[in-house]
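The values are calculated or read from the model by the stated rules, or taken from the named source; none is laboratory data. Predicted, not measured: the structure shown is a model, and the values here were computed from it. Positions of Cβ are generated from backbone atoms using ideal geometry, with glycine treated the same way; all protein chains shown enter the neighbour counts. Keep in mind that these areas ignore ligands, DNA and RNA; they rest on the heavy atoms of the full protein, side chains included. Shrake-Rupley method; radii C 1.70, N 1.55, O 1.52, S 1.80 Å.
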Amino acid sequence: MNIQRRLMVLYVLIAGCQGTMSGEWKATVVKRIDALVTSCVVLPCSFSHPKEQLPSSRLRGIWHLQTQHDQRIYHQDETNILASFRDRTRLLGQLGQGNCSLEMTQIKDYDNGPFCFRIELAPTEGDTPSPDKFSFVEDCVKMKMLPAPPKPTLTLHANIAYEGLPYTVVCSVTYTCPTHGPSLTWSRGNAHEVTTVIKEIHSGFWEAQSILIIIPEAKDDHSEVTCKASFYGGMSSSDKFTLFVKRTENHHHIIIPSMVAVGITVLFGGLCIVMVKKYKKRISELQGQSSMRDRLSRLSRRSRRPRENMMELNHLPSTLTSGAGQKFCKNPRPFPKSQPGTSNYKPDTSDADDYENTAYLNVHRKC
């Protein structure tokens, strides 16, 4: 009994240790990734194991089909690789550092997978064969086949470019083969005007950017600028846009006429003000002159009446007889109020009424 119990406990411990150790073998891969036919793709992969730090020479990395472990797409021994995948796959990085990424070139339309990674611990000389072999069939990669390359995306600095001012355009494209990235070229521009930037968007997907800075001229208006992406394997795609260039003088034609219009408005307004002031003064003067003429006209009419009376008196006889038999004498000269004895005397027009009354009295004055 004691022996059986001890054996049972030993089996349990061994099974537990194996389960614990097997649970620590882990692999991380990208579940889905795009692959351009005739081009290449890199399948990101990393793994960890419970052993001590092992050199790459003690580790063997294998990629195989998910359902058939013996259908290998990569193996250290090329004779163990399927004929359709020979010379098309290779491991990137070092297995000793936990890098199991796989590069596949000359992509065929049937290379869709799924593909799984397997790690084996190779024995050294004199050691018994190691049972440490793990296939991570639950973490496999399935590829989406792209018959045509993705089209570049153009990002314009502005919809309109100005003559003589820098204008920036960014051309970007995504890809999944960082070892053979696409080449971006422009239909115009020199090499010193182009800057290339490479960055990883997320695991397995990369983006290439080409930044073009040009100084447009007037002749570039309505011209087309094309960005072309050339992929490994010979396929390419492109996109273009129409460059609209606004001339500098046209820009000034918006400002200068506005300034001229404002200046003309101000000048015209000033002239109107001056003219209003000037003619207002003139109108006042004319109104004053008209008033003066009216006054003189009234005075003239008043001065003519005593003269007419005097003319009538001059035609009367020197002695007049009234109806009662009284005689009245004609005085040859009226008797004004002021300075009657002066020879150059001029009657005061302001006393025209008194002058007329005096003439009447002179007519009826007795001799």
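Within the stretch 240-250, the set of residues being open to solvent by 40 Å² or more (accessible area, probe 1.4 Å) and either touching a Ser or Thr at 6+ places or on another chain (Cβ under 7 Å) or within 18 Å of L36 (Cα to Cα) (or both) comprises just one member, K240. Selection within the stretch 206-220: residues that are surrounded by 14 or more Cβ atoms within 10 Å (Cβ to Cβ) and of a type in the set (D, E). The member of this set that is modelled with the lowest pLDDT is D220.
If you go through the stretch 162-180 and keep only what is in contact (Cβ under 8 Å) with a residue 40 or more places away in the chain, open to solvent by less than 40 Å² (accessible area, probe 1.4 Å) and over 18 Å from V245 (Cα atoms), you end up with C171, V173, Y175, T176, C177. If the Cβ limit is 6 Å and pairs must be 6+ apart or interchain, which residue in the stretch 58-83 that is free of Cβ contacts under 8 Å to residues at least 12 places away in the same chain and within 14 Å of D111 (Cβ to Cβ) pairs with which residue that is open to solvent by 50 Å² or more (accessible area, probe 1.4 Å) and part of a strand (DSSP E or B)? Short answer, once both residue conditions are applied: I81/R72.
In the stretch 189-205, which residue that is open to solvent by 70 Å² or more (accessible area, probe 1.4 Å) and in contact (Cβ under 8 Å) with a residue 12 or more places away in the chain is nearest to the chain's Cα centre (by Cα)? Outline the logic, then answer.
Taking the stretch 189-205 and keeping what is open to solvent by 70 Å² or more (accessible area, probe 1.4 Å), we get 190-192, 195-196, 198-202.
With in contact (Cβ under 8 Å) with a residue 12 or more places away in the chain added as a condition, the list becomes 195-196, 198, 200-201.
On the way: T195: 22, T196: 24, I198: 26, E200: 28, I201: 27 Å.
Filtering the stretch 189-205 for residues that are open to solvent by 70 Å² or more (accessible area, probe 1.4 Å) and in contact (Cβ under 8 Å) with a residue 12 or more places away in the chain, the one nearest to the chain's Cα centre (by Cα) comes out as T195.
Output the residues belonging to the stretch 139-177 that are small (G, A, S) and not in a loop (DSSP other than H, G, I, E, B). Give the derivation first.
Our first condition is that a residue be small (G, A, S); within the stretch 139-177, this holds for 148, 158, 161, 164, 172.
Once the filter is applied, which keeps residues that are small (G, A, S) and not in a loop (DSSP other than H, G, I, E, B), the stretch 139-177 yields A161, S172.
Could you grab me the full set of residues in the stretch 221-236 that are surrounded by fewer than 17 Cβ atoms within 10 Å (Cβ to Cβ), in a loop (DSSP other than H, G, I, E, B) and in contact with a Ser or Thr (Cβ under 7 Å, 6 or more places away or on another chain)?
Looking only at the stretch 221-236, we keep the residues that are surrounded by fewer than 17 Cβ atoms within 10 Å (Cβ to Cβ), and these are 221-224, 226, 230, 234, 236.
Now restrict to residues that are in a loop (DSSP other than H, G, I, E, B): 221-222, 234.
Those that are surrounded by fewer than 17 Cβ atoms within 10 Å (Cβ to Cβ), in a loop (DSSP other than H, G, I, E, B) and in contact with a Ser or Thr (Cβ under 7 Å, 6 or more places away or on another chain): H222, G234.
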